[in-house]
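Data first, discussion second: the structure below is written as structure tokens.
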Amino acid sequence: MRVLSWLYLALAYVFVFLPVAVLVAFSFQDGRLPVPPFKGVSFRWYEKVLGDGDLMAALGHSFLVAVVSSLIALVLGFLAAHALARVALPGSALMRGVLIAPMTVSYLIVALGLLNLFNLTGVRLSLWTAGIGHVVINLPLCFAILYAAMGDHQKNAERAARDLGAAEWQVLALVSAPMLAMPLAAAFFLSVTFSWDEFIIAFLLTRFDVTLPVEIWSMLKSGLSPATNAVGSLVFLVSVTLVILLEILVFRRAK
Amino acid sequence: MTADVQIQAVSQRFGASTVLDNVSLEIAAGEFVVLLGPSGCGKTTLLNLIGGFAEPTAGAVRIGGRDMAGLAPQHRPTTTVFQDYALFPHMTLRDNVAFGLRMRGVAKAKRGEKADAMLALVGLEGRGDRRPHELSGGQRQRVALARALAVEPDVLLLDEPLGALDLKLRRQMQDELKSIQRRIGTTFVHVTHDQEEAMAIADRIVVMNAGRIEDHGPPREVYLHPKTLFTASFMGEVNRIPIAGGQAPFGPVALPDGTLCLRPEAITESGPLRIGPCRVLEAAFFGAHVRAHVAPVSAPDLKLVVHLPQSAMPAPGQVLDLGAETWGVLST
């Protein structure tokens with residue numbers, strides 16, 4: 001029985017990670033095609049990728065969009081969560097629902113809606129419009145995480161701060177936010193990860209400057225190459241690093 | 001650093017329910033007042049109205065003669081010590097205590113100095129660099145006290161500050177609260193439902209019930225000469241004996257009609273208000289005294305609770321000749 005359950009676990013991991021493992025393995029392929037047989041280890045594709053100006057520019061764009069859009073989503077989500085957790089407003093249940101609703105809408109629909117909107121209002125597509133799209137998908141996430149983390153404990157500390165003379169922005173900046181440091185970090189890192197990997201919105205809402213997933217997609221149009229595997233591995237490496245950072249900085253310390 | 005508080009005909013309603021009903025109270029500068037009552041009597045609501053956490057539906061709150069209407073907590077000369085301490089967990093004790101001074105724009109070095117002095121006042125000298133989670137409940141409450149006092153409020157409000165502490169620590173903190181209040185002279189308004197705590201610390205006890213003030217006075221006055229039956233029974237155990245036409249169940253008494261209230265410890269063998277021979281039903285040793293249930297021989301249905309001296313442990317069935325040392329008659 002014990003052996004069976006270990007086997008089951010191993011199979012599950014293989015199922016999840018085999019594609020990634022293959023991707024990473026063939027990024028080292030010493031040949032022109034990322035398919036078996038494996039002809040030997042080479043770093044030339046990485047060299048090529050790292051020397052590719054367009055790709056590196058896209059990497060920078062992705063990073064910029066991820067950080068800026070996540071910061072905006074974080075601040076907006078924090079303010080919304082704080083307001084709805086602290087003040088009883090008529091229809092606050094409805095407001096919460098509406099804030100979380102975009103989570104259930106497919107990215108494609110979000111992107112199409114925004115595309116229509118930008119066309120109608122004459123806003124030109126750029127990294128900014130892709131960033132707006134990422135705020136739309138990450139705001140519900142940040143809101144949900146932070147709203148769940150706000151308890152009575154903080155409420156009383158906020159009351160004490162007000163009593164001691166803090167203005168409302170000081171209560172938020174000096175008491176509420178630092179007391180929520182861990183959930184804030186979790187929401188931020190998750191948002192960055194989502195934005196970093198996101199393709200559809202970035203594809204439909206950018207034009208000349210594009211993010212990394214969009215750049216990779218245009219590379220794929222000219223056929224498979226170990227170079228795309230190398231880029232994919234790099235993207236995966238960044239995502240894994242983010243998740244590990246999140247684990248070490250946030251979840252470890254929270255215990 | 002002290003001021004008087006005037007509560008003038010204050011009412012507080014939430015929808016259909018009246019939490020405070022036309023309450024008036026004068027608190028002198030430097031007085032230690034305890035608002036005492038069962039939960040739901042409106043004592044915490046009254047404290048919140050003084051602190052500015054709520055506005056009264058009717059009436060006015062004045063502190064130092066100044067009308068507080070429309071002033072938020074941060075603009076009132078009051079600070080509050082909360083029951084759950086409400087410390088800032090991400091700050092050191094020094095930063096916690098200095099928070100109010102920081103909000104008032106006091107320079108860092110100066111407020112650090114003041115915070116250390118306040119920590120010393122509450123017996124936490126040299127612990128400024130610790131964080132709240134390293135402290136016990138009693139120590140946290142001291143930090144909360146130091147934090148509220150650091151801004152030198154005219155009036156300190158304490159919302160059941162000792163409620164979460166164990167009995168021994170609570171007694172110790174009561175003594176300290178009282179001595180700190182004596183030293184700094186600030187007006188203290190303290191809310192509790194524990195009548196022993198109220199008697200231990202108060203200059204004056206304000207007994208509240210169902211949104212009204214039942215009684216107020218020094219602890220001795222409220223305990224020995226309560227103005228209402230509610231106060232009499234809330235302040236401690238009491239035997240209630242009906243009197244009609246100069247006649248008590250155990251015999252004639254020279255007292256007006258009403259309810260005769262006798263504290264268990266006021267009943268002794270030598271008391272001048274004679275009850276007469278009483279049969280002991282049961283008795284138990286309580287450490288400081290012997291607690292016994294007795295019934296007068298002339299009125300076997302009237303059961304009285306009596307605290308007898310530690311040395312005398314009566315057997316059930318024994319007959320004692322008892323009388324009351326102090327008593328009060330309240331009209332019903």
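The values are calculated or read from the model by the stated rules, or taken from the named source; none is laboratory data. Bear in mind that the values here come from a model prediction, so they are computed numbers and not experimental data. We place every Cβ from the backbone using ideal geometry, glycine too, and count neighbours over all the protein chains shown.
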Restricting to segment B:238-258, count the residues that are farther than 12 Å from B:Val329 by Cβ and modelled with pLDDT of 90 or more. 2
Here's a check for you: in segment B:121-148, which residue that is surrounded by fewer than 24 Cβ atoms within 10 Å (Cβ to Cβ) and touching a Ser or Thr at 6+ places or on another chain (Cβ under 7 Å) is nearest to the other protein chains (Cβ to nearest Cβ)? B:Arg131
If we scan segment B:38-52, do we find a residue that is assigned to a loop (DSSP other than H, G, I, E, B), closer than 17 Å to B:Val191 by Cα, within 14 Å of chain A (Cβ to nearest Cβ) and at pLDDT 90 or above? yes
Among what's in segment A:28-67 and is among the hydroxyl-bearing types (Ser, Thr, Tyr) and at pLDDT 80 or above, pick the residue that is farthest from A:Ile201 (Cα to Cα). A:Tyr46
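Consider A:Ala166 carefully, then state whether it is within 14 Å of another protein chain (Cβ to nearest Cβ) and part of a helix (DSSP H, G or I).
no
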Within segment B:85-92, is even one residue more than 9 Å from chain A (Cβ to nearest Cβ), surrounded by fewer than 20 Cβ atoms within 10 Å (Cβ to Cβ) and modelled with pLDDT of 90 or more? yes
Please count how many residues of segment B:203-234 are closer than 23 Å to B:Thr187 by Cβ, β-branched (Val, Ile, Thr) and in contact with a helix residue (DSSP H, G or I) (Cβ under 7 Å, 6 or more places away or on another chain). 3
Select from segment B:26-44 the residues that are surrounded by 20 or more Cβ atoms within 10 Å (Cβ to Cβ) and aliphatic (A, V, I, L, M) and write down the one among them that is farthest from the chain's Cα centre (by Cα). B:Ile27
Considering only residues that are buried (at least 18 other Cβ atoms within 10 Å of the Cβ) and out of contact with any Lys or Arg (no Cβ under 7 Å at 6 or more places or on another chain), which ones fall in segment B:107-120? B:Lys114, B:Met118
Please verify whether segment A:206-214 includes one or more residues that are away from every other protein chain (no Cβ under 14 Å), in a helix (DSSP H, G or I), surrounded by 20 or more Cβ atoms within 10 Å (Cβ to Cβ) and among the aliphatic types (A, V, I, L, M). yes
Picked from segment A:169-189 (must be surrounded by fewer than 20 Cβ atoms within 10 Å (Cβ to Cβ) and under 19 Å from A:Val67 (Cα atoms)), the residue nearest to the other protein chains (Cβ to nearest Cβ) is A:Ala181
Given (1) aliphatic (A, V, I, L, M); (2) without any contact (Cβ under 8 Å) to a residue 40 or more places away in the chain; (3) in a helix (DSSP H, G or I), number of the condition B:Ala254 does not satisfy: (3)
Check on B:Ala117, at the interface with chain A (Cβ under 10 Å from one of its Cβ atoms) and under 30 Å from the mean Cα position of the chain (by Cα): no
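Can you name every one of the helices (runs of 4 or more DSSP H) wholly within segment B:169-240 that holds 1 or more residues which are outside the structural domain of B:Thr259 (by TED's automatic domain parsing) and over 20 Å from B:Leu260 (Cβ atoms)?
Details: elements: B:195-201, B:219-224, B:229-235.
In segment B:169-240, B:195-201, B:219-224 are the helices (runs of 4 or more DSSP H) which contain 1 or more residues that are outside the structural domain of B:Thr259 (by TED's automatic domain parsing) and over 20 Å from B:Leu260 (Cβ atoms).
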Answer yes or no as to whether A:Ala185 is in the same structural domain as A:His153 (by TED's automatic domain parsing) and either in a loop (DSSP other than H, G, I, E, B) or over 26 Å from A:Asn116 (Cα atoms) (or both). yes
If the requirement is being within 14 Å of chain A (Cβ to nearest Cβ) and small (Gly, Ala, Ser), which of these qualifies: B:Ala98, B:Ala60? B:Ala98
Quick test of your reading of the structure: A:Pro140 fulfils all but one of (1) within 13 Å of chain B (Cβ to nearest Cβ); (2) buried (at least 20 other Cβ atoms within 10 Å of the Cβ). Name the failing condition by number. (1)
Of B:Gly251, B:Gly317, B:Gly287, B:Gly328, the only residue that is surrounded by fewer than 14 Cβ atoms within 10 Å (Cβ to Cβ) and under 26 Å from the mean Cα position of the chain (by Cα) is B:Gly287
How many of the residues making up segment B:318-332 are modelled with pLDDT of 85 or more and among the polar types (S, T, N, Q)? 2
